[in-house]
Each structure stands twice: as structure tokens, then as C-alpha cells.
1. Sort through D548, D499 and tell me the only one that's in contact with a helix residue (DSSP H, G or I) (Cβ under 8 Å, 6 or more places away or on another chain) and free of Cβ contacts under 8 Å to residues at least 40 places away in the same chain.
2. Hey, does the range 516-524 have a residue that's outside any loop (DSSP other than H, G, I, E, B), hydrophobic (A, V, I, L, M, F, W, C) and surrounded by 15 or more Cβ atoms within 10 Å (Cβ to Cβ)?
3. Condition test on A556, is it open to solvent by 10 Å² or more (accessible area, probe 1.4 Å), small (G, A, S) and either assigned to a helix (DSSP H, G or I) or at pLDDT 90 or above (or both)?
4. I need the full set of residues from the range 213-228 which are open to solvent by 40 Å² or more (accessible area, probe 1.4 Å) and either among the small types (G, A, S) or in a helix (DSSP H, G or I) (or both), in order please.
5. Could you please find all residues in the range 192-212 being in a loop (DSSP other than H, G, I, E, B) and of a type in the set (A, V, I, L, M)?
6. If you go through the range 355-393 one residue at a time, how many are modelled with pLDDT of 60 or more and open to solvent by less than 30 Å² (accessible area, probe 1.4 Å)?
7. Quick one: which residue in R435, R423, R446, R439 is under 25 Å from R533 (Cβ atoms) and either out of contact with any Ser or Thr (no Cβ under 6 Å at 6 or more places or on another chain) or in contact (Cβ under 8 Å) with a residue 40 or more places away in the chain (or both)?
8. Being within 24 Å of D38 (Cβ to Cβ), open to solvent by 70 Å² or more (accessible area, probe 1.4 Å), hydroxyl-bearing (S, T, Y) and at pLDDT below 85 narrows it down to one of T231, T194, T263, so name that one.
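The values are calculated or read from the model by the stated rules, or taken from the named source; none is laboratory data. From a predicted model like this one, the values you see are computed outputs, not experimental measurements. Neighbour counts run over all protein chains shown; Cβ positions are idealised from the backbone, glycine included. Keep in mind that these areas ignore ligands, DNA and RNA; they rest on the heavy atoms of the full protein, side chains included. Shrake-Rupley method; radii C 1.70, N 1.55, O 1.52, S 1.80 Å.
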Amino acid sequence: MKKRSSVIRRMAAFFILIEIAVMFVVILLIFRYAKNQDLREASAREEAAEQNVAQINTVLSAASQMTQNLAVDSRMNQLAYHSYLNEYERSRIVLGLLSNLNNIKGLNPAVENVRIMFPKDALELSSKTGYNRFQPYQPPAEDEVKLTEFMYYDGTSLRLRIAYPLITTVTGKDPDYACEVTLSSRFLDANLMTFGDSLQAGAAVLLEAQDGTRYVIGPLKDLVPEEALVTEKERIRMGKEQLQIQYHRMENYPILLASWRSTALMSRNMYETILSVAAVVLFTGLLLMFMLRKANHDIGRPLRKLMGAFDQVKSGDLSTHIKHKNADEFSYIYDSFNEMADRNQALIEDIKEQHALRQNAELAQLQAQIDPHFLYNSFNIIKYMADGEEYEQITEFVSSLAEYYRFINKETRQAIPLSAEVRHMETYIYIQQMRFEGRISVDAGRLPVEAEHYLVPKLILQPLVENCYKHGLKNKLEDGVIHISYTLDGDQLKIRIEDNGGEMTEEQLEAVRAGIWDTSDASISHALANTRRRLELAFGDPDLLSVDINQEQGLAVTLCMDLTKKVTEIF
């Protein structure tokens with residue numbers, strides 16, 4: 001049978017292919033956009049880094065210049081060497097310097113504190129704490145890192161320091177005075193945070209000491225391994241993140257700006273674009289699914305209903321009808337199908353009736369062939385008994401014969417319980433034994449209780465027993481035996497009727513087997529053929545009767561019946 005192809009499925013496959021093609025084109029466009037966006041973002045980050053480097057460089061240069069200007073202020077010498085007339089003038093100089101320190105801090109947002117130290121007088125002027133008398137001078141700490149001649153890093157902040165005279169920085173002696181500007185770490189942090197605040201995007205500052213050692217500073221310095229930054233690797237992997245690092249060196253200072261970003265990080269615009277495209281694709285997909293579902297409901301389901309109805313008709317259910325509420329094209333098709341089914345049903349019923357009548361006529365003809373044979377044989381028995389003047393036996397024989405024919409005439413059913421058929425066979429055996437007593441004996445088993453009510457065609461056992469008397473044991477002058485046995489295996493019942501005639505050969509068996517398919521009066525196996533044909537008409541199986549040779553060279557006839565199978569309606 002040719003495999004069915006669903007129209008709806010073909011439509012779905014077509015729309016899915018279109019959707020895949022559209023998604024493929026959109027993905028290509030997205031990747032192209034992503035590449036261009038990535039280049040633009042890298043260019044923007046490069047420009048931002050250069051601007052930040054220039055800004056920090058400008059701030060540091062301004063702070064350095066302020067420190068130098070402060071160091072050469074004449075008032076510094078006046079306080080350091082006590083070149084003032086009186087305490088009033090000294091106070092005026094101190095206040096002027098404090099005002100200058102505050103101005104320096106106010107004009108440069110990167111400056112956290114400006115102070116002037118006078119070691120000999122234990123005096124410190126600070127923009128943060130003001131005038132500090134008796135403040136002991138604290139020389140540079142041992143762990144303070146020297147970046148340039150005047151720039152230092154103490155582990156937390158950058159300092160610009162100028163000591164006077166300059167030679168004191170070499171001799172290690174206390175200077176006459178020193179000017180120091182502390183740069184605000186918040187200023188650097190604010191510039192670094194413009195690059196991002198996570199592992200995906202961020203920045204840090206590298207300080208390069210005079211001995212070549214590098215130090216990483218910044219709020220995000222712990223996110224990226226220090227060894228990766230100080231060695232200026234352009235790409236590193238951090239877990240699942242692949243980072244791309246860019247370095248920018250300041251022009252006048254040993255400072256590098258290291259900025260990084262994740263190669264998988266998308267810009268916000270690109271992310272929104274992808275979401276928009278995904279939303280459009282999802283919407284079109286949902287619209288497609290709705291259209292397919294609607295098409296399946298309006299077209300596919302009615303078609304499958306029609307196909308199912310045809311399958312039921314093909315399986316033999318000719319009463320199949322289709323119900324349809326909507327007044328559309330399918331309503332016309334369904335009404336035409338129902339009219340066709342009604343016409344086919346009426347035609348099949350006519351054919352079945354004609355077939356049943358033909359089978360009943362054939363069955364009546366076959367049973368009519370049985371009755372004359374038995375009646376003829378019965379009259380022969382009476383004749384033999386009358387010749388022997390066995391009048392009492394004639395009376396008993398005629399009574400049994402009357403009972404036999406009452407069964408045939410009063411039992412109008414064509415299918416009777418197997419127990420009734422067995423009793424009728426036993427009546428026949430009783431009649432025959434009145435003639436053959438002493439010459440032939442019968443060994444009959446008992447019918448299983450489970451098979452007593454099983455319906456079988458009337459007169460299927462008596463002809464088989466008659467065959468034993470008439471043919472199997474006709475030359476047996478003594479010790480003739482007819483065996484009748486019943487074997488029940490599950491739902492399978494076997495009835496075996498055999499004799500010990502002792503004259504059956506393989507050639508004769510083959511002739512009998514061929515004869516059971518010939519129901520004409522001229523057949524040598526007329527009784528067997530008649531019974532086989534009637535079983536075939538009743539159960540629709542031509543192989544319920546079989547013959548073979550038993551151990552005593554007699555003919556054995558076996559009937560095989562399935563107790564779950566019922567006789568056809570003609571019975």
C-alpha cells in the first residue's frame with residue numbers, strides 16, 4: 001500500500017524551511033553587525049583610553065608644576081631660615097602659605113592633600129590639617145617605592161615630593177624644608193571605572209618603579225591576576241571568560257593604563273538588537289504555529305476523519321457514518337460518503353441474504369443425503385432381525401429408532417449443543433449394537449463438562465460412527481472395537497473416532513483423504529466428505545476434519561474444534 005503523505009505536514013515543512021532560511025539570513029546579519037559593532041567598540045575604547053591617559057598625564061603634570069612652584073616660593077626660605085622681622089610677619093607668612101596650599105588643592109581635583117614640612121622647627125603646614133606646630137618630621141618609609149626623582153608610591157597613594165636642598169635626597173639627611181602633594185586615589189578610581197567595574201570590562205593602572213618592578217593599583221586590581229597585567233599579555237583566559245587587554249603608556253611618567261574587556265561581551269545596542277530580532281522571529285514563529293494549527297483544525301482534522309471512515313469501511317464496518325456540524329465543503333463530502341455507505345450496506349445485506357439462502361439450500365441437500373442412507377440401513381437391520389424372528393429386539397429397536405427420528409424431526413435447529421449431538425450418537429450406537437453385539441464393541445469416553453453447551457451442526461458424529469460399522473469393521477467377524485475419545489486442551493477440543501479394522505493401507509488412506517473433498521453420492525468417503533463440508537459451512541474452516549491410520553491399521557477420524565469460535569449466522 002502506498003504510504004500516505006499529509007498535506008498539512010508538507011505545508012508545515014515548507015513554512016519551517018522558510019523560517020529557517022529567514023533565521024539564517026538574520027543570524028548572518030547579526031554576526032556582521034556584531035563584527036562591525038565590535039570594531040567600533042574597540043575603537044571607542046581605544047579613544048577613551050587615550051583620553052584618560054592624556055587627562056591623568058595633564059593632572060600629574062599640573063600637580064608636579066605646582067609642587068615645583070611651591071618649592072621655590074620665597075616664603076619657604078623665610079620660614080626655613082627665620083628671615084622674618086618678628087612673629088607677626090612670621091604668622092603672616094604662615095597664613096599666606098596655608099592659603100596657597102588650599103588654593104592648590106581647590107584648583108586641582110586630583111590633589112588630596114598639600115603639605116610643607118620644616119624639620120628643624122618641627123612645623124608642618126597642611127591643606128587638610130592646617131598649622132601643626134611641634135610636628136616631628138617623618139622621613140620616607142622604607143617600603144615607599146620611588147617611581148621618578150620626585151614621584152613616590154607608598155602602597156596606597158601617589159605622592160609628589162621635592163626636598164630642599166635637593167642633595168638631601170641622596171645624603172639621607174633631613175632637608176631644610178620639603179613640599180609634598182598627595183594625589184587622590186578617588187580621582188584615579190573614577191577614571192578607571194569609566195571602562196567598567198567587572199571582569200567582563202574594566203581597567204587598572206600599572207606603576208613602574210626605577211628598578212623595573214611593576215605595581216598594579218585600582219579598585220579592580222584583584223579581578224585580573226597581577227602577573228597577567230605586568231607582563232603585558234594581550235589575551236588571557238579567566239574561567240569561562242576570554243579577556244582582551246590593551247595598554248597605554250603615559251608620556252612623561254612611568255605609568256601604564258591597562259584596560260580589558262571580554263571578547264564575548266556585547267554592547268547594549270547589540271544586545272537590544274538581538275532581543276528585537278529574537279522577538280520578531282519568535283512572533284513570526286508563533287504566528288506560523290497558529291496558522292498551521294488553524295489549518296490542521298479546519299482542513300487536516302476533517303481529512304483525517306474522512307480517511308479514518310474509509311479505513312473502517314475497508315476493515316468491514318459498513319455502518320460507518322461521519323458527523324459534521326459546519327456547513328462547508330467537507331459537509332458535502334461527508335454527506336456523499338454517508339449516502340455511499342448506506343447504498344453499500346443495503347447491497348451487502350442483499351448479497352448476504354442471497355448467500356445465506358444458497359448455503360441453507362446446500363445444507364438441506366447435504367442433510368437429505370444423510371437421512372435416506374440411515375433409513376435404508378435401519379430397514380436392513382429390521383429385515384435381518386425379522387428374518388431371525390427376534391420380535392422383542394425388533395420392538396426395542398423400533399422404540400430406539402423412533403427416539404432417533406424424533407430427535408431429527410423435532411430438533412429444527414441446525415446448531416445444537418454438543419451434549420445433545422453425543423446423546424443422539426449414543427442412541428445410534430445402541431441401535432447398531434442390537435445387531436452387532438458380540439461381534440463389535442464400543443469404547444466411548446465421556447464428553448468434558450466444559451464442552452457440553454458448545455454449539456455444533458446437527459448430525460456430525462453419527463455418520464462417522466456409521467462409517468466404522470459400514471466400512472471399517474465390515475470384514476471383522478469378531479473382536480471389532482470402535483474407540484471414541486474426547487481430549488480438551490485449553491479451548492481446543494479433539495474428538496477422535498477410530499476402529500481396529502486392520503485393513504487400512506497408505507494407498508487407501510490417500511484415497512480417503514482425497515474423497516473427503518468430494519460430497520457427491522458417488523464418493524467412496526461420502527459420510528466423511530459430508531461431515532467435513534458441513535463443519536466448513538458452520539465454522540468457515542475447511543480443515544476441521546482429518547484422517548489417519550492408527551496402530552491397529554484402522555481408520556481414525558479426528559475433529560478439531562475451537563470452543564471460542566461460534567458457528568456462522570446461517571445456523
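1. D548
2. No, the range 516-524 contains no residue that is outside any loop (DSSP other than H, G, I, E, B), hydrophobic (A, V, I, L, M, F, W, C) and surrounded by 15 or more Cβ atoms within 10 Å (Cβ to Cβ).
3. No.
4. E226, E227
5. L199, A209
6. Residues of the range 355-393 modelled with pLDDT of 60 or more: 372-393.
Narrowing further to those that are open to solvent by less than 30 Å² (accessible area, probe 1.4 Å): 374, 378, 381, 385.
Of the residues in that region, 4 qualify.
7. Working: R435 fails: under 25 Å from R533 (Cβ atoms); R446 fails: under 25 Å from R533 (Cβ atoms); R439 fails: under 25 Å from R533 (Cβ atoms).
The match here is R423.
8. T194
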